[in-house]
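K.L.:
Quick one: the structure is below, questions incoming.
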Ligand code: AMP
Ligand code: GLY
């Protein structure tokens, strides 16, 4: 079977890598892909929002199954766009994608189905929000409703920070804002919980913890993710059961009540407080860099798992995992998450020899002649799998030292909570 993968990040390179090992996959096409996917797949240069061209090329290349990596095309309805074709889409439809596309949609769902989350209010204009703030206790969290590439969340410690957040959001910093969310600040430890589902059955797809802030010690600006480790130190059977019963099942039931089902990965962002899960957010896709961190632990055929989801046969599949620890460090261009230079050569990459437990997944890279150049803010993902997080981190750091890219930087403290 020919497979298409939409996206160009480390997540999509990791998906390509794992699908290359599948017994049921013949050829992989990446739209548009990066220098890493080019080594294992055929890259096709089409914009991910050009559904018409994607459909045309998928038919031409006899792609049977299309996997959607990032959220934007899902929220824009790519799955619905393919409804009139025989091509199977792995990724939720437009209604289900509102779980990520609209934070107020998710909060209302939580309220209706009694899903544990922080207390919240929705405000339609600046005046009502600011009036509410005069009587509020800080810290609290203010969020833009729609997609904001991870930037639409403000943790506010006082009234003036909160007023600034309200103004920025309503003034259109993240696009036109019809409403904002103000919610209670939850104190606990975060955990990302993943499932895969065919709309009828769901199965856990590992846990992870990422580091979103740019600087060591989890401070500084928010990024897409500077590194991650899997599994999370917080997961246990009791907690898993609570997440499934209190959060996943009612959410899928809520979507079903809207005559929608959910096919794909679901990323459940949680705050864990005394072994109780509270939903912070849903993402309707795998995380990045969580995907790169988790997939090396998968000990089953990813192609078969995804195909089973698209044919509603997930219940017949057993998903096996290595009982090991995976850690990923992201190499970024100097300046990220602000301005950075593009088309900068990564000189030593071709010389790196990896052992069998280490992987390099490309993100913002491009092949120019025989050189690999950085084109994005997040450039490479260095992953190592071993028996403990300290060893994985040591191995990943050694590779980064060997790459020795002076035009980039990385955090040296990834996983500090699980490494003493
Ligand atoms: P989100 O995009 O909703 O995941 O929010 C980004 C980050 O903000 C999360 O990963 C949390 O670290 C933090 N955050 C969001 N909502 C809350 C909350 N209610 N309480 C505490 N932290 C939060
Ligand atoms: N690493 C966070 C995300 O993928 O949204």
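K.L.:
Only one of (1) part of a loop (DSSP other than H, G, I, E, B); (2) more than 26 Å from residue 96 (Cα to Cα); (3) within 15 Å of ligand 2 (Cβ to nearest atom) is not met by residue 224, so which one is it?
P.N.:
Only one criterion is unmet by residue 224, namely (2).
K.L.:
Of the residues in region 167-177, how many are under 14 Å from residue 151 (Cα atoms), assigned to a helix (DSSP H, G or I) and in contact (Cβ under 8 Å) with a residue 24 or more places away in the chain?
P.N.:
Residues flagged as under 14 Å from residue 151 (Cα atoms), assigned to a helix (DSSP H, G or I) and in contact (Cβ under 8 Å) with a residue 24 or more places away in the chain within region 167-177 amount to 1.
K.L.:
Look through 357, 381 and report the one residue that is within 22 Å of residue 18 (Cα to Cα), buried (at least 23 other Cβ atoms within 10 Å of the Cβ), in contact with a strand residue (DSSP E or B) (Cβ under 7 Å, 6 or more places away or on another chain) and at pLDDT 95 or above.
P.N.:
Testing whether each residue is within 22 Å of residue 18 (Cα to Cα), buried (at least 23 other Cβ atoms within 10 Å of the Cβ), in contact with a strand residue (DSSP E or B) (Cβ under 7 Å, 6 or more places away or on another chain) and at pLDDT 95 or above leaves just 381.
K.L.:
Could you check region 377-406 and list, in sequence order, the residues that are free of Cβ contacts under 8 Å to residues at least 12 places away in the same chain and assigned to a loop (DSSP other than H, G, I, E, B)?
P.N.:
Of everything in region 377-406, just one residue is free of Cβ contacts under 8 Å to residues at least 12 places away in the same chain and assigned to a loop (DSSP other than H, G, I, E, B), namely 406.
K.L.:
Is region 316-333 home to any residue that is in contact with a strand residue (DSSP E or B) (Cβ under 6 Å, 6 or more places away or on another chain), in contact (Cβ under 8 Å) with a residue 12 or more places away in the chain and within 15 Å of ligand 1 (Cβ to nearest atom)?
P.N.:
Scanning region 316-333, I find no residue that is in contact with a strand residue (DSSP E or B) (Cβ under 6 Å, 6 or more places away or on another chain), in contact (Cβ under 8 Å) with a residue 12 or more places away in the chain and within 15 Å of ligand 1 (Cβ to nearest atom), so the answer is no.
K.L.:
In addition: Go through region 198-249 residue by residue and tally those that are surrounded by 21 or more Cβ atoms within 10 Å (Cβ to Cβ), in contact (Cβ under 8 Å) with a residue 60 or more places away in the chain and over 16 Å from the mean Cα position of the chain (by Cα).
P.N.:
Qualifying residue count for the region: 2.
K.L.:
Continuing with the same structure: Within region 178-197, which residues are crowded, with 22+ Cβ neighbours inside 10 Å and closer than 26 Å to residue 137 by Cα?
P.N.:
180, 181, 182, 191, listed by residue number.
K.L.:
Separate question: Tell me, yes or no, whether region 98-121 has at least one residue that is more than 27 Å from residue 221 (Cβ to Cβ), surrounded by 14 or more Cβ atoms within 10 Å (Cβ to Cβ), within 16 Å of ligand 2 (Cβ to nearest atom) and touching a residue at least 24 places away in the same chain (Cβ under 8 Å).
P.N.:
no
K.L.:
A further question on this structure: Only one of (1) modelled with pLDDT under 90; (2) touching a strand residue (DSSP E or B) at 6+ places or on another chain (Cβ under 7 Å); (3) within 9 Å of ligand 1 (Cβ to nearest atom) is not met by residue 145, so which one is it?
P.N.:
Condition not satisfied by residue 145: (3).
K.L.:
Moving on to the next point. Over 21 Å from residue 13 (Cα atoms) and either surrounded by 15 or more Cβ atoms within 10 Å (Cβ to Cβ) or in contact with a strand residue (DSSP E or B) (Cβ under 8 Å, 6 or more places away or on another chain) (or both), is that true of residue 339?
P.N.:
Against the criterion (over 21 Å from residue 13 (Cα atoms) and either surrounded by 15 or more Cβ atoms within 10 Å (Cβ to Cβ) or in contact with a strand residue (DSSP E or B) (Cβ under 8 Å, 6 or more places away or on another chain) (or both)), residue 339 does not qualify.
K.L.:
Only one of (1) free of Cβ contacts under 8 Å to residues at least 60 places away in the same chain; (2) over 20 Å from residue 8 (Cβ atoms) is not met by residue 374, so which one is it?
P.N.:
With respect to (1) free of Cβ contacts under 8 Å to residues at least 60 places away in the same chain; (2) over 20 Å from residue 8 (Cβ atoms), residue 374 is out only on (2).
K.L.:
Right, next: May I ask you to say which residue of 419, 399, 403, 382 is within 19 Å of the chain's Cα centre (by Cα) and more than 17 Å from residue 33 (Cα to Cα)?
P.N.:
382
K.L.:
Follow-up. Looking at (1) within 10 Å of ligand 1 (Cβ to nearest atom); (2) over 25 Å from residue 288 (Cβ atoms), which is the one condition that is false for residue 103?
P.N.:
The failed condition is (2).
K.L.:
Which of (1) surrounded by fewer than 17 Cβ atoms within 10 Å (Cβ to Cβ); (2) within 16 Å of ligand 2 (Cβ to nearest atom); (3) outside any loop (DSSP other than H, G, I, E, B) does residue 149 not meet, given it meets every other one?
P.N.:
It is condition (3) that residue 149 fails.
K.L.:
With the structure loaded, tell me whether residue 112 is over 29 Å from residue 167 (Cα atoms) and assigned to a helix (DSSP H, G or I) or whether it fails that test.
P.N.:
Judged against the criteria, residue 112 is a match.
K.L.:
In region 178-220, what residues are within 16 Å of ligand 2 (Cβ to nearest atom) and not in a strand (DSSP E or B)?
P.N.:
Residues satisfying the conditions are 211, 212, 218.
The values are calculated or read from the model by the stated rules, or taken from the named source; none is laboratory data. Computed from a predicted structure; not experimentally measured. Don't worry about glycine lacking a Cβ; one is built from the backbone with ideal geometry, like all the others, and counts go over all protein chains shown.
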